[in-house]
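Engineer: Structure in structure tokens, see below.
No lab work stands behind these numbers, since they all come straight from the coordinates. Keep in mind the model is a prediction, meaning the values are calculated, not measured. Virtual Cβ from ideal backbone geometry, glycine too; neighbours counted across all protein chains shown.
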Amino acid sequence: MRKSIFGLFLVIFPAIVTVTWCRAGEETAETVLARAQAAYGGSEGVTVQAYQREVWLSLRELQPGQAGVGPPNSYRVIILKKKSPDDWYAAGWSFIKYTGKAAMNNPQMPRPSGFLMVKMGVAAGKLISFGNSGNRSAEQNILTDDEFEHTLRSRVLVFNGGFAALAPLLDASSKNETTRFLGLRDARMVASETWKGHAVYRVEGSGPDGGPFIAWIDQQSGAVVRTVGQQGRSAGFYRTMIETIYETNLGAKLGAFDFDAQVPAAAADPMTDDQMGFERVEDLKQYAGSAENNQPELSRRPSSPVTAPVMAPPVAAEQQVLSADQMAGIVLIDGDEGTATGFMAKIRGVDFVVTNEHVLGENKKITLKNLRGETIPVLAVYGAVGSDVAILRIGKAEGGLKLAEDVLTSVKIGDKVVVVGNRLGGGVATQISGQVLGVGPTRVEVNANFEPGNSGSPIFSTVSNEVIGVATYAETRKVAVEEGTSSARSSGGDATAQTKVEKRWFGYRLDGIAKWEAIDMARWRSQGERIDKFRDLSEALVSVIRLDFKAAAENDRLAPIIADFESHAEQMKRDRVGVAGAVKDMMRTMRNIAEAGINDFSSGDYYDYYRTCLYWEESVPMQVDYRRAIVDVLKKYEANSTAYVSRMRNGGGN
């Protein structure tokens with residue numbers, strides 16, 4: 001579990017937020033939510049314009065996936081007007097924006113599609129669908145009052161994710177199984193803040209699907225101004241976050257012209273994040289609590305005191321399986337860049353602490369302590385060739401943990417196991433139970449749900465009474481179980497994607513490791529910093545391709561090139577040919593930088609871990625492949641600079 005999991009615990013507020021913590025005797029979450037629900041339900045004239053984005057992000061600002069490919073970010077917009085129970089206008093549309101390598105290969109984003117619903121007085125309601133052209137289709141559906149009410153509620157509250165704050169306007173709370181406003185469970189008051197000029201209460205809890213959920217509620221009007229939630233509760237390396245911004249006018253004066261059956265002009269083309277009021281996607285990391293991904297997840301960042309914690313359901317205590325002697329072998333690992341777990345064992349007659357190589361990370365210093373709090377000096381470090389396992393030589397091992405000499409003969413599929421370690425970086429050893437699901441040449445698979453901080457924990461068989469593996473990474477993925485869900489989503493229809501989440505947990509076997517290499521920590525850190533620098537430049541080059549010059553200019557090497565280009569482009573802004581020439585020169589320069597870096601980077605003498613690990617951010621071959629893909633795109637824009645100029649003029653690339 002990667003050091004990026006530190007983002008689960010440390011909350012760093014952006015500059016637009018000022019925090020003042022709530023004191024005893026002030027507003028409670030219950031009173032704030034009740035007043036907000038009443039404010040919506042008691043309003044006749046109401047207008048709401050809401051923007052929602054669903055993003056798939058990594059805590060270390062990586063391009064999603066091993067080859068830099070991730071699902072597109074999806075966006076939804078709702079405009080809702082209510083004058084009376086019989087007067088309604090609702091328009092909703094959705095669109096997507098590609099990320100990573102997909103953004104380079106798909107510079108032109110698909111146009112939005114959605115629906116329009118209108119009803120005035122006793123007149124029949126209308127349902128109009130519009131597609132990729134942004135115009136109304138010829139077909140319109142006429143709805144009875146009951147059909148209109150049901151469809152409106154379905155479109156607004158279920159429409160590709162739902163706008164939960166609008167439920168009281170639709171009288172949906174009394175007809176839902178969950179009567180909690182926003183579907184918020186275990187709600188608690190966190191702070192009184194200022195968000196974009198609004199004095200707001202910040203309330204946190206668990207969302208309908210168990211993931212962390214945060215709401216910002218205007219202190220005067222009671223209107224919800226923003227929500228951030230995460231899909232699911234599983235710990236992982238990537239996160240699916242849903243952020244919604246509400247612009248609400250309670251008590252609005254509405255006239256007949258507000259209910260014209262016209263598709264909003266804004267629905268013709270995808271909107272930018274700035275137009276919708278969203279900040280940087282990276283800022284959502286501070287609210288992440290878990291992830292669903294199809295990449296290995298690692299954890300090596302420490303658990304830090306949280307200013308605004310996301311409360312997880314309590315973990316039921318299990319009866320301890322390991323004996324006191326075996327527990328004495330558990331080691332808590334703490335570093336300036338992360339925390340993890342290890343355990344003491346003898347390997348070929350020598351005393352070691354066993355953990356994962358990724359735990360070594362970029363820590364300038366790591367500290368090992370036993371459960372008595374005694375520091376364990378490290379004499380030497382070795383890494384397994386071909387596996388994410390590290391052994392740290394120590395003076396004398398303690399504890400009774402025995403390593404399985406042959407996992408294939410020690411365990412069977414279905415055998416019970418426990419994983420004992422520093423779960424969530426709490427500084428205490430906890431126990432997670434499960435079973436063996438599979439055995440391979442280098443790894444074992446279990447269903448013990450180990451979490452951030454468990455990296456390096458022993459996977460202990462309760463049948464053989466031996467350690468059969470080292471807890472290393474989890475892998476989760478969403479699996480579609482219904483055909484046609486993508487088209488249903490893009491058409492704005494009632495159908496929603498039906499998926500199941502497949503979760504898997506893996507540990508590396510120790511019995512099959514044939515070769516170890518000595519690791520010099522100064523050289524290890526130097527190689528890690530070199531990979532970070534190479535990756536950072538790649539990400540800056542992608543920002544150029546996506547027309548995000550501000551982000552690209554944060555890279556020192558590209559900053560002067562971008563400044564020079566922007567200066568020339570501004571001087572020649574009316575000269576399309578001149579700007580195209582400036583683009584060609586910039587792309588040529590960027591390509592030369594990108595290509596020159598590949599040969600130097602790939603020729604380095606790296607430890608085996610950096611050449612064979614599964615993790616995109618630290619894998620030399622994966623970083624080289626990604627840079628080569630970037631070079632290919634830079635070449636295309638160098639050859640066809642007018643295409644880039646067209647994107648600049650159309651505001652594309654966000």
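Engineer: Between Ile413 and Asp146, what is the FRET efficiency for a Förster distance of 45 Å, r being their Cβ-Cβ separation, to the nearest 0.05?
Structural biologist: So, using R0 = 45 Å, E works out to roughly 0.25.
Engineer: Kindly rank 516-527, 349-360 from highest to lowest mean number of other beta carbons found within 10 Å of each residue.
Structural biologist: 349-360, 516-527
Engineer: Moving on. Find the percent of Cα-Cα distances in the range 324-453 that exceed 18 Å, and round it to a whole number. Could you put the intermediate results ahead of the total?
Structural biologist: Numbers: 4667 of 8385 pairs.
Every Cα pair in the range 324-453 considered, those over 18 Å come to 56 percent.
Engineer: Glu30 to Ser603: extension gain in nm, 0.36 nm per residue of separation minus the Cα-Cα distance?
Structural biologist: Gain on stretching Glu30 to Ser603: 200.2 nm.
Engineer: Can you return the lysines within cross-link range of Lys364? Criterion is Cα-Cα under 19 Å, with same-chain partners fewer than 8 residues away left out.
Structural biologist: Output for Lys364: Lys3, Lys533.
Engineer: I'd like the trypsin sites (Lys or Arg not before Pro) in the range 575-646 restricted to DSSP loop residues with at most 10 other Cβ atoms within 10 Å, sorted by number.
Structural biologist: Here no trypsin sites (Lys or Arg not before Pro) fit, given the DSSP loop and packing criteria.
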